Amino acid sequence: MNEDKMITLTTSEGEQVDFYVLEETRISGMNYLLVTDSQEDDEEGECYILKDKSGREEEEAVYEFVDDDDEMDYLFRIFTELMEDMDVDLRK
């Protein structure tokens, strides 16, 4: 996986966590990322959908995990379609 596709998030406790971006999309003016905690292409990892909550004036992006079930289902379908040509098996 590409190093330039990695993002580092800082938790509220100050811990830094790396995620690898699989895909990104913009829906209704909101940016979303599909990320995984696995760096290896042949390794199974957990996937998460992040929503960009940063304002235009902020220098760094502020992401939060999507946890609303309806929003998650909708975005899962979108990302599944976007990645159908890639060698990635997305499962809920």
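Every number in this text was worked out from the coordinates using simple rules, so none of it is lab data. Being a predicted model, the structure only gives us computed values, none of them experimental. Glycine also receives a Cβ, built like all others from the backbone with ideal geometry; neighbour counts cover every protein chain displayed.
For this structure, a couple of remarks:
- The trypsin sites (Lys or Arg not before Pro) of the range 44-87 that meet both conditions, a loop assignment by DSSP and at most 16 other Cβ atoms within 10 Å of the site Cβ, are K53, R56.
- Phi angles across the range 60-66 convert, under the Karplus curve 6.51 cos²θ - 1.76 cosθ + 1.60 with θ = phi - 60°, into 3J(HN,Hα) values of 10, 5, 10, 10, 10, 6, 6 Hz, Gly and Pro given as x.
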